[in-house]
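Peer 1: Take a look at the following structure, please.
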Amino acid sequence: MSAAEAISVIRVRNVLLVTMPGDPDDSTIAALQERALDAMSAEHVRGLVLDLSKVEILDSYFARTVAETAQMVGLMGGETIIAGMRPSVAITATELGVTLGRTRTVMTVDHALDLAGRELAKEKSRR
Amino acid sequence: MNIQDRGEVKIETEADIALARRAVREVAAKMGFGITETARIVTAVSELGRNVHKYAGSGVMRWCTLRNGENAGLELRFEDYGPGIDDVNEALREGYSTGGGLGMGLPGAKRLMDQLDIQSAPGHGTTVTVRKWRRL
């Protein structure tokens, strides 16, 4: 399986659901950025839900890539929501000293999709 | 202190960092470390393994399990023959980096593990040894 194939990218309603594997190697992590940004522009979605529920560790390289990807998605006019971080991963990443910038985080992919749906409804009512 | 079991993983490519993580995850699980302790150990492996690859190009991670009275320990030794570290104390300082990284590898690994020791001299490579203990 190639690095890019290890990442699942599917369109759910108006967002892209990007699911990372449990223990991605560096080339898989590097592929995240390109896969996510390419799909953003091809699918005309308004944001990205990054599902980290399978992820077993978040080291400084992985965290930096996630933060950078969220920033790039922001530059393209989209929003990133990080979903499903495990308690052990949250504890360890904090002790290591990594942060994900100002990226929004929620407990589950369900929450993330609800949030994305609500924001779209808000936008429509404003028009 | 008795050495119970040992092994090694060569770190020559970026993919080897993932192999080192997997090997240590397996040993830690066998030793009975919990989920969060295992995540700490494996994260430290990732940071230290990446340092070997980034600064020295290649090296080796040697692991062994230790026994000290009522405590079981996991020792991980990262050896490389790279340029070495000029100032070990400086390298352990938060945010200090010569490699364009975030400078959290060494201080971060120190926080995640129970013990960290660095042997290094310019031109003679670097050996970083970390240990994690668990009460039996």
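The values are calculated or read from the model by the stated rules, or taken from the named source; none is laboratory data. Bear in mind that the values here come from a model prediction, so they are computed numbers and not experimental data. Neighbour counts run over all protein chains shown; Cβ positions are idealised from the backbone, glycine included.
Peer 1: Checking B:Glu94 against (1) of a type in the set (D, E, K, R); (2) away from chain A (no Cβ under 13 Å); (3) surrounded by fewer than 16 Cβ atoms within 10 Å (Cβ to Cβ), only one condition comes out false. Which one?
Peer 2: B:Glu94 satisfies all of (1) of a type in the set (D, E, K, R); (2) away from chain A (no Cβ under 13 Å); (3) surrounded by fewer than 16 Cβ atoms within 10 Å (Cβ to Cβ) except (2).
Peer 1: Going through A:Thr92, A:Thr28, A:Thr69, A:Thr19 one at a time, which residue ends up being among the hydroxyl-bearing types (Ser, Thr, Tyr), crowded, with 19+ Cβ neighbours inside 10 Å, modelled with pLDDT of 90 or more and in contact with a Pro (Cβ under 9 Å, 6 or more places away or on another chain)?
Peer 2: Of A:Thr92, A:Thr28, A:Thr69, A:Thr19, the one residue that is among the hydroxyl-bearing types (Ser, Thr, Tyr), crowded, with 19+ Cβ neighbours inside 10 Å, modelled with pLDDT of 90 or more and in contact with a Pro (Cβ under 9 Å, 6 or more places away or on another chain) is A:Thr28.
Peer 1: Another question, if that's okay. Of all residues in region A:19-35, which are within 24 Å of B:Thr38 (Cα to Cα) and either assigned to a helix (DSSP H, G or I) or not small (Gly, Ala, Ser) (or both)?
Peer 2: Residues of region A:19-35 that are within 24 Å of B:Thr38 (Cα to Cα), as a first pass: A:19-29.
Result: A:Thr19, A:Met20, A:Pro21, A:Asp23, A:Pro24, A:Asp25, A:Asp26, A:Ser27, A:Thr28, A:Ile29.
Peer 1: Okay, moving on. Restricting to region B:9-47, name every residue that is more than 10 Å from chain A (Cβ to nearest Cβ), of a type outside the set (Val, Ile, Thr) and either crowded, with 16+ Cβ neighbours inside 10 Å or in contact with a helix residue (DSSP H, G or I) (Cβ under 9 Å, 6 or more places away or on another chain) (or both). Talk me through it step by step, then tell me what you get.
Peer 2: Taking region B:9-47 and keeping what is more than 10 Å from chain A (Cβ to nearest Cβ), we get B:9-12, B:20, B:23-24, B:26-33.
Imposing the further condition that a residue be of a type outside the set (Val, Ile, Thr) reduces the set to B:10, B:12, B:20, B:23, B:26, B:28-33.
The answer is B:Lys10, B:Glu12, B:Ala20, B:Ala23, B:Ala28, B:Ala29, B:Met31, B:Phe33.
Peer 1: Out of (1) within 14 Å of another protein chain (Cβ to nearest Cβ); (2) surrounded by 14 or more Cβ atoms within 10 Å (Cβ to Cβ); (3) of a type outside the set (D, E, K, R), the odd one out for A:Gly101 is which?
Peer 2: Here A:Gly101 clears every test but (2).
Peer 1: So, one more: Does A:Ala42 meet the test of being of a type in the set (Gly, Ala, Ser), within 17 Å of A:Ser8 (Cα to Cα) and surrounded by fewer than 16 Cβ atoms within 10 Å (Cβ to Cβ)?
Peer 2: Details: of a type in the set (Gly, Ala, Ser): yes; within 17 Å of A:Ser8 (Cα to Cα): yes; surrounded by fewer than 16 Cβ atoms within 10 Å (Cβ to Cβ): yes.
Yes: the conditions hold for A:Ala42.
Peer 1: Just to be sure I understand, how many residues within region B:48-57 are within 11 Å of chain A (Cβ to nearest Cβ), closer than 14 Å to A:Asp26 by Cβ and touching a residue at least 40 places away in the same chain (Cβ under 8 Å)?
Peer 2: So the count comes out to 4.
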